Amino acid sequence: MKILLAGGAGYIGSHTALSLLNSGHEVVVVDNYDNSSPESIKRVEQLTGRSVTLYEDDVKDKVRMLKIMQKEQPDCVIHFAGLKAVGESVQQPVRYYRNNIDTTLTLLECMAETGCKEIVFSSSATVYGAENSSPCHEGMPRGICTNPYGWTKSMMEQILQDASVADKELSVVLLRYFNPIGAHESGRIGEDPQGIPNNLMPYVSQVAVGKREKLTIFGDDYDTPDGTCLRDYIHVMDLAEGHVKAVEFCAHHHGTEIINLGTGQPYSVLDIVNTFQQVNDVKVAYEIGPRRAGDLPAVYSDVHKAERVLGWRAKRTLADMCRDSWNWQKNNPNGYKK
Ligand code: NAD
Ligand code: WQD
């Protein structure tokens, strides 16, 4: 199959491109490098020995997207293109709504005009909100989001669902990712956050490599076994392989299917820090700080539907995730920059 990856040069997109190529699919990437660089795709090509058709374009630009879709005629689109920093979305809500919603509408319009009927969407566990308790399963109604980023995901899910009700030939898979971490085991591609990382694992890695002084753990007084928050961390290569299954499923399906991609196994912030130190034999200095606004004590997935519908389950362990994150960080202390 030929798959168009909107936002495919980013963290999850580049790992998915690699898995798709290794599974024999053709890959077209459209990215404006708002939060990435073409270097990730260059490395994917080196790792796979396959080539990727790469367009530097804004997915919101309908004129350009239509030309690309007409020329490439992809069988399926995976929509990764989005802004994803929760705190920034509170400061710049209009930019987040404009980018995330517009990319989705443009892709749907271009698909309708070129006859492409399959779309896999990068959604997030954040849409479960605080109302649903873990393990979160796909039958639960979406909750109240605590930030504009979360609302964009919730709204985009609704838009895609509505589109599939109106067009009975449309096949939509909404993948709700939990907490992706890790990197390809080669250490050649990985997560390359700009500026101070928002997420736990890149922060931990940057402390270990000496770029940041210490990690602040946001609260140790939660009602959890060690007092720190529980999350469902998933290796990005497991996530990438989940996308290959989702794309293949999408080809034989109509309507909307919502699927969690997680491991179902919660770990605490201290589990991450301790495992990272142990597996990699490095020190991660940390202090306990106040809770971060909006954090929930425990968020993890029910994984049964992914197993049943996609025949997929995460295989890699927390030790694998910590080892591969460190392998990427120590070999690329400045990310994709030289
Ligand atoms: P990322 O920032 O590394 O990748 C997103 C890519 O989209 C980047 O390469 C960026 O340049 C590109 N992009 C953004 N707006 C664009 C536009 N208008 N036109 C063209 N390209 C554009 O992020 P990621 O971690 O790879 O996440 C991919 C998707 O998964 C995002 O939609 C994100 O919201 C979602 N998601 C991520 C996580 C996570 O923790 N990483 C969790 C749940 C969901
Ligand atoms: C994980 C845990 C923090 C940083 C976010 C988004 C979610 C999804 C994934 C996109 C929490 C703690 C973190 C630090 C810490 N993204 N922490 N010190 O908040 O679970 O989810 O990314 O869809 O929508 O909200 O991930 O990595 O920020 O935090 O103690 O410096 O680590 O409190 O318990 P989160 P995270």
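Some values worked out for this structure:
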{"quantity": "Within the range 238-295, trypsin sites (Lys or Arg not before Pro) in DSSP loop having at most 12 other beta-carbon neighbours inside 10 Å", "calculated": "Lys283"}
{"quantity": "Where the range 1-124 is the region considered: accessible area per residue in Å², 1.4 Å probe", "calculated": "39"}
{"quantity": "GluC sites (Glu not before Pro) within the range 168-218, DSSP loop, no more than 11 other Cβ atoms inside 10 Å", "calculated": "Glu169, Glu213"}
{"quantity": "DSSP-assigned coil residues among GluC sites (Glu not before Pro) in the range 77-149, each with at most 13 further Cβ atoms within 10 Å", "calculated": "Glu131"}
{"quantity": "Computed [θ] at 222 nm, helices only, for the chain once each DSSP H run of length n ≥ 4 contributes -39500 (n - 2.57)", "calculated": "-12000 deg cm²/dmol"}
{"quantity": "Of every Cα-Cα pair in the chain, the percent that sits beyond 37 Å", "calculated": "12"}
{"quantity": "Accessible area in square angstrom per residue, the range 284-338, 1.4 angstrom probe", "calculated": "56"}
{"quantity": "Using distinct alpha-carbon pairs, which all enter the 1/r mean, Kirkwood radius of the range 139-230 in Å", "calculated": "17.1"}
{"quantity": "Prolate/oblate/rounded call for the range 259-338, Cα gyration tensor, a/c under 1.5 rounded", "calculated": "oblate"}
{"quantity": "Whether the range 1-119 is rounded, prolate or oblate, judged on the alpha carbon gyration tensor where a/c under 1.5 counts as rounded", "calculated": "oblate"}
{"quantity": "Whole-Å semi-axes of the ellipsoid equivalent to the range 165-304 (Cα gyration tensor, √5λ, descending)", "calculated": "33, 19, 13"}
{"quantity": "Surrounding net charge for Tyr267, when Lys and Arg each add one and Asp and Glu each subtract one, Cβ distance under 9 Å", "calculated": "-1"}
{"quantity": "Of Lys42/Lys211; Lys42/Lys337; Lys42/Lys117; Lys245/Lys305, pairs whose Cα-Cα distance is over 22 Å", "calculated": "Lys42/Lys211; Lys42/Lys117"}
{"quantity": "Dipole magnitude (debye, nearest 20) for the range 251-331, charges at Cβ of Lys, Arg, Asp, Glu", "calculated": "100"}
{"quantity": "Under the span-like rule (Cα at least 18 Å along the axis, Kyte-Doolittle mean at least -1.0), DSSP H helices of the chain", "calculated": "93-114, 148-166, 236-250"}
{"quantity": "P(r), alpha carbons of the range 1-42 - 5 Å bins starting at zero, rounded %", "calculated": "6, 28, 37, 20, 7, 2"}
{"quantity": "Cα centre as origin, Lys/Arg/Asp/Glu Cβ charges: the range 162-258 dipole, Debye", "calculated": "340"}
{"quantity": "Surface accessible to a 1.4 Å probe, per residue, for the residues of the range 173-262, Å²", "calculated": "35"}
{"quantity": "Charged-residue dipole, Cβ positions (Lys, Arg, Asp, Glu), the range 200-338 about Cα centre, Debye nearest 20", "calculated": "620"}
{"quantity": "Computed over the range 1-63: relative contact order in percent, which uses C-alpha pairs under 8 Å that are six or more apart", "calculated": "37"}
{"quantity": "The chain - percent of accessible surface contributed by carbon and sulfur, probe 1.4 Å", "calculated": "49"}
{"quantity": "Three-way shape call for the range 279-324 based on the alpha-carbon gyration tensor, with the a/c threshold at 1.5", "calculated": "oblate"}
{"quantity": "Set of aspartates and glutamates with alpha-carbon distance to Lys330 below 15 Å, sequence-local pairs under 8 removed", "calculated": "Glu185, Glu191, Asp192, Asp281"}
{"quantity": "Counting DSSP beta bridges with both ends in the chain, the antiparallel % (nearest 5)", "calculated": "5"}
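The values are calculated or read from the model by the stated rules, or taken from the named source; none is laboratory data. Here the structure is a predicted model, which means the values were calculated and not measured. When we count neighbours, we look across all protein chains shown, and the Cβ atoms used for this are built from the backbone with ideal geometry, even at glycine. The area values use the complete protein model at the heavy-atom level, side chains included, leaving out ligands, DNA and RNA. Shrake-Rupley method; radii C 1.70, N 1.55, O 1.52, S 1.80 Å.
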